[in-house]
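Report on the following structure.
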Amino acid sequence: MERRIFLQKSLVVGTGLAISPSLLSYPKEPEHLDKITILHTNDTHSNIETFPSTHAKYPNQGGVARRYAMLKEIRKQEKNVLLLDAGDIFQGTPYFNKFHGELEMKLMTHMGYDCATMGNHDFDAGLEGFLNAYQHADFPFVCSNYNFNNTILKDLTKEYQIFNKGPFKIGVFGVGVGLEGLVAKAHYQDTEWLKPIPIANRIAKHLRFEEECDLVICLSHLGYEPKQFKDNDQTLASETQNIDLIIGGHTHTFLPKPEVHLNKLGEKVLINQVGWAGLALGRIDFYLGEKKKHQRHDLILV
């Protein structure tokens with residue numbers, strides 16, 4: 001791999017309707033560098049509508065319509081955009097109780113999601129319910145450490161997905177939390193959970209060296225630092241290699257900016273997670289080039 005990767009980071013938070021184009025793009029771009037814009041969500045939990053004005057903590061915030069408007073504006077300004085989700089799409093509002101995940105899949109397809117992984121609540125309608133909802137999704141699910149071979153989801157999900165965006169080749173894979181004791185057995189049936197760190201090391205190595213990906217991204221529903229689980233995003237970062245970015249979920253952690261951690265070789269890996277309920281849209285810009293490293297952190301209010 002001859003090209004070096006540089007990054008520019010920001011966080012987009014939905015708190016209103018008006019979008020300022022100047023805030024959603026960077027006015028001064030690094031010269032002679034190609035850019036990929038990674039947008040991401042996690043733990044949206046069937047939150048379709050904007051929070052009401054009377055809400056004690058999030059009045060007039062969130063909502064699919066605002067996220068969609070934000071996405072359209074960013075896509076107008078950026079050539080290479082990848083939209084990802086780190087799981088727990090289901091459960092949390094009457095929309096899930098009524099439509100059992102179908103509405104969420106339809107809306108994510110309409111918003112142009114490229115890829116997602118499964119969280120523990122995405123099993124809440126059972127495997128049959130997920131299968132029925134997935135028929136309305138036009139994007140893949142990557143579930144590297146869930147073995148569905150003895151279930152009706154066999155061959156439905158993938159270990160990883162590769163995307164070509166402009167000059168970039170991006171490999172995306174997903175790891176999920178253990179289901180025993182967290183999800184009713186009847187909902188996941190004979191799904192086998194595999195330890196995520198050995199799986200992550202194997203797939204990241206394959207994506208980096210066999211597939212020659214410029215970026216390797218892990219969609220993690222392990223949690224940022226859950227006390228009840230040994231495996232989490234921070235241990236995932238420190239005990240693996242060849243991963244550039246971990247997009248997290250499960251613990252509803254709101255990180256004001258992506259964190260820089262060191263992997264097992266002492267190389268930098270980013271971790272980001274943007275809360276829950278679709279209140280925030282994460283944005284991280286990576287550049288391909290050979291000279292300088294460009295960074296910028298923005299909190300963009302919408």
Per residue of the stretch 122-135, in order, report the coupling 6.51 cos²θ - 1.76 cosθ + 1.60 (Karplus, θ = phi - 60°) as ³J(HN,Hα) in whole Hz, putting x for Gly and Pro. 6, 9, 5, 9, x, 5, 5, x, 5, 4, 5, 5, 5, 4
Report the FRET efficiency, 1/(1 + (r/R0)^6), for residue 136 and residue 262, where r is their Cβ-Cβ distance and R0 is 45 Å, rounded to 0.05. 0.65
Output ³J(HN,Hα) for the stretch 33-46: one whole-Hz value per residue in order, computed from phi by the Karplus curve 6.51 cos²θ - 1.76 cosθ + 1.60 with θ = phi - 60°, and x for Gly and Pro. 10, 8, 10, 10, 9, 9, 10, 7, 10, 7, 6, 6, 6, 6
What ranking do 41-49, 60-68 get when scored by the average of other Cβ atoms within 10 Å per residue, highest first? 41-49, 60-68
Tell me, what is the percent relative contact order of the stretch 94-235, built from C-alpha pairs under 8 Å that lie six or more residues apart? 24 percent
Simple SL model, points at 7 angstrom along Cα→Cβ for residue 190 and residue 211; separation in nm is 2.8 nm
Counted neighbours (other Cβ, 10 Å), sorted fewest up, put 148, 90, 141 in the order 148, 141, 90
The stretch 215-245 versus the stretch 115-139: alpha-carbon centroid distance in Å: 22 Å
Ranked from fewest to most other Cβ atoms within 10 Å of their own Cβ, 199, 246 fall in the order 199, 246
Hey, can you grab everything whose amide H is under 5 Å from the amide H of residue 254? Only 5+ residues off in sequence or another chain; H modelled, so Pro and N-termini drop out. 275
When ranked by the protection proxy of mean other Cβ atoms within 10 Å per residue, highest first, what sequence do the peptides 110-118, 277-285, 222-230 form? 277-285, 110-118, 222-230
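No value in this document is a laboratory result; all are computed from the given coordinates. As the structure is a computational prediction, the values presented were derived from the model and not from experiment. Neighbour counts are summed over all protein chains in view; Cβ atoms, including those assigned to glycine, are modelled from backbone coordinates with ideal geometry.
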